[in-house]
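Presented below is the structure to which this report refers.
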Amino acid sequence: MAIAVLNALDNARTQWYHVTAIVIAGMGFFTDAYDLFCITAVSKLLGRLYYFNPDSEKPGKLPTNVNNAVTGVALIGTLSGQLVFGWLGDKLGRKKVYGITLIMMVICAICSGISFGHSPEGVIGSLCFFRFWLGFGIGGDYPLSATIMSEYANKKTRGAFIAAVFAMQGVGIIFAGLVSMIVSKIFLVYNDAPPYNGGEFDRVFSTQPNADYMWRIVLMLGALPALLTYYWRMKMPETARYTALIVGNGKQAAMDMEQVLDIEIEADQAQLAQLKAANNYKLFSIEFWNRHGLNLIGTSTTWFLLDIAFYSQNLTQKDIFPAMGLVNKDVDVNALREVFETSRAMFVIALVGTFPGYWFTVFLIEKLGRFIIQLVGFFMMSVFMLIIGIKYEYLKNDNKWLFAVLYGLTFFFANFGPNSTTFVLPAELFPTRLRSTCHAISAASGKAGAMVGAFGIQSYTLKGSTSTIKRAMMILAATNMLGFLFTFLVTETKGRSLEEISGEDGSENGTENYHHKTTFNAGRLSISSRSGSTGNRTN
């Protein structure tokens, strides 16, 4: 069933408004990544400031449970926010709840730098409280940004546009390291101090009192990009697909899109009413699970398994940097110098490993397809992490440069791989009525995996011992291989309209007839459609 307003969107040429929408939605992900990952740069400083023991030969360190709470509480908030705002996005509309997420991020990022009292309990408790609600706002941005971009885009460039929105996460990770590095360097210039093991009184003086302001400034700066984006986000119209297919107002959908896109659209009200009536099933219905159940299991499990590895990498890199020789030992530097070196290492790894992977996905996703990129990414991550786990002593002691290269490649193939595609696929596979909710379920599964990384894997790496880091790397290699296998539950979406993918248009090529099967033909892996009538193949 061809609906004029939807057909016009699918075939519209790429216009300036598409670029504007990418920037507006992408700035939310820039903020998300900055807020979630800047804590990695300053968490060791919190240990020096609030858990200092003058009798210890090592600087103050956050206890394992406190460290896990500080770095992981935002992930709990994110999971909760994804489910709540994802559901609201389908019930109330994408635009109505889109601004609320930014307001929460601005307020809570500022409040993250404010603490009640001066005791460790007061500071850490208030930090965790506000970072939970910061994560709650961040969580809403995942399903809403992905859904809005998928519903605005044309079918030829939709994957690249959604991936470009998500690629701003890479920019946010870079800026988390860059801003922390700049701010710590400024403080270091005016507040130099001896290293921790420099002399009798140096254990006390190695932690500069003004460093207590430094970490607060870094966290509070996360409010700035969200604040700058708010006005433009509120000017975006509701997506035409929501207005047409859910509200049932084809005329308003046509008017909204004509205002922002240089196209003329006819309103097919009668056809819209038919299409809406034919797709009025709910999430917890037999019809939904017959049509989309395997895809939802596939998107949820792959995102869960990916985020165990991805967030473990990002949250624990501060513990692995010393083994790679990218930073000095904690006893050989003062507090601000440690932040500077950790931030610098984060920045370098993100710039040469993390960032390029996102944009390889943007430029190649419409050529290679989501399925192949995800498969290859999971496989390569598994290989590199297994090598690091097996040869950890050799890499740590005899070949630090190779260690850095292998570690950087795991980031590259995470982002030129499942970290991008697990975000793209749930925005395309599901019907308009449930698209935001299903993306939220998939994303929340991912954050559950991230919590496994924050509260589980991080416990292995926090002590920095060789045996525990080796074990952690091997566990992550295994989870990535599981992600490789579960990828076969999802469907390739390249080049098809959202309504064709989900079966909303009544076509026979919906997701229930388009799952992959694998065959080996003369030693070559091929992926083919289960639908015997169409003969379609995706290689």
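The values are calculated or read from the model by the stated rules, or taken from the named source; none is laboratory data. Predicted model, so just to flag it, every value in this text is computed and none were measured. Positions of Cβ are backbone-derived with ideal geometry, glycine not excepted, and every protein chain shown enters the neighbour counts. Just the protein is used for accessible areas: all its heavy atoms, side chains included, with ligands, DNA and RNA removed. Shrake-Rupley method; radii C 1.70, N 1.55, O 1.52, S 1.80 Å.
About its Cα centre, what dipole magnitude does segment 304-445 give when the only charges are +1 on Lys and Arg Cβ and -1 on Asp and Glu Cβ, stated in debye to the nearest 20?
300
Can you compute 3J(HN,Hα) from phi for each residue in segment 145-161, using the Karplus curve 6.51 cos²θ - 1.76 cosθ + 1.60 with θ = phi - 60°, rounded to whole Hz and x for Gly and Pro?
5, 5, 5, 4, 5, 5, 7, 7, 6, 7, 6, 7, 10, 4, x, 5, 5
Rounded to the nearest 500, what is the 222 nm mean residue ellipticity of the chain from helices alone, with -39500 (n - 2.57) per DSSP H run of 4+ residues and division by all residues?
Calculated at 222 nm, the ellipticity per residue is -23000 deg cm²/dmol.
Once Lys and Arg get +1 and Asp and Glu get -1 on their Cβ, which of ALA160, SER43, SER445 lies farthest toward the positive end of the dipole of the chain?
In the chain, that residue is SER445.
Between VAL204 and THR20, what is the label-to-label distance in nm when each label sits 7 Å out along the Cα-to-Cβ direction?
Using points 7 Å along Cα→Cβ, the separation is 6.1 nm.
Dipole of the chain (Lys/Arg Cβ +1, Asp/Glu Cβ -1, origin at the Cα centre): which of THR410, PHE85, ALA350 lies farthest to the positive side?
Looking along the dipole axis, the top candidate is THR410.
For segment 186-246, with only Lys/Arg (+1) and Asp/Glu (-1) charged at the beta-carbon, what is the dipole magnitude about the Cα centre, in debye rounded to 20?
540
Round to the nearest 10 and report in Å² the accessible area of ASP90, as given by a 1.4 Å probe over the protein chains' heavy atoms.
Ignoring ligands and nucleic acids, ASP90 comes out at about 10 Å².
Residue farthest toward the positive end of the dipole of the chain, with Cβ of Lys/Arg at +1 and Asp/Glu at -1: which of MET473, LEU336, ILE182?
MET473
Which sequence of TYR213, TYR230, TYR98, TYR17 reflects their accessible areas, 1.4 Å probe, from the largest down?
On the way: TYR213 140, TYR230 85, TYR98 5, TYR17 35 Å².
Correct descending sequence by accessible area is TYR213, TYR230, TYR17, TYR98.
Can you compute the charge dipole magnitude of segment 131-232 about its Cα centre, using +1 on each Lys and Arg Cβ and -1 on each Asp and Glu Cβ, nothing else charged? Give it in debye, rounded to the nearest 20.
So the dipole magnitude of segment 131-232 works out to roughly 520 debye.
Distance from the Cα centre of segment 76-115 to that of segment 322-387, in angstrom?
If you average the Cα positions of each part, the centres end up 28 Å apart.
For segment 419-494 and segment 193-241, what is the separation of their Cα centres, given in Å?
So the separation of the two Cα centres works out to 27 Å.
Count the lysine pairs in segment 316-424 that are 8 or more places apart or on different chains: how many have C-alpha atoms under 19 angstrom apart? Intermediate results must be reported in sequence, preceding the final value.
Numbers: LYS318/LYS329; LYS318/LYS396; LYS318/LYS400; LYS329/LYS396; LYS329/LYS400; LYS391/LYS400.
So the count of such lysine pairs works out to 6.
Please work out how much accessible surface ASP192 shows to a 1.4 Å probe, ignoring ligands, DNA and RNA, in Å² rounded to 10.
120
Enumerate the calculated ³J(HN,Hα) couplings along segment 357-364 in order (Karplus 6.51 cos²θ - 1.76 cosθ + 1.60, θ = phi - 60°), each rounded to whole Hz, writing x wherever the residue is Gly or Pro.
Along segment 357-364, the couplings run x, 4, 7, 4, 5, 4, 7, 10 Hz.
Ordering TRP232, TRP16 from largest to smallest accessible area (1.4 angstrom probe), what's the sequence? Don't skip to the answer; put the middle values down first.
Details: TRP232 135, TRP16 195 Å².
Sorted by accessible area, descending: TRP16, TRP232.
What distance in nm lies between label points placed 7 Å from Cα along the C-beta direction at LEU92 and THR468?
So the two model labels end up 4.3 nm from each other.
Give me a comma-separated list of calculated 3J(HN,Hα) values for segment 430-437, in order, Karplus coefficients 6.51, -1.76, 1.60 applied at θ = phi - 60°, integers in Hz, x for any Gly or Pro.
10, x, 4, 4, 10, 4, 5, 5
With respect to the cross-link table entries LYS96/LYS155; LYS156/LYS282; LYS96/LYS185, which display a Cα-Cα separation exceeding 31 Å?
LYS96/LYS185
Leaving ligands, DNA and RNA out of it, rank VAL189, VAL66 by accessible area with a 1.4 Å probe, largest first.
If we order VAL189, VAL66 from most to least accessible, we get VAL189, VAL66.
Computed FRET efficiency, Cβ-Cβ of GLU57 and LEU227, R0 51 Å: what is it to the nearest 0.05?
My answer for the efficiency is 0.70.
Rounded, prolate or oblate for segment 395-454? Axes are the square roots of the Cα gyration tensor eigenvalues, ordered a ≥ b ≥ c, and the cut-off for rounded is a/c under 1.5.
oblate
Order 109-119, 147-157 from most to least packed using the mean count of other Cβ atoms within 10 Å.
147-157, 109-119
Using a 1.4 angstrom probe and counting only protein chains, how large is the accessible area of LYS367 in Å², to 10?
Solvent-accessible area, nearest 10 Å²: 140 Å².
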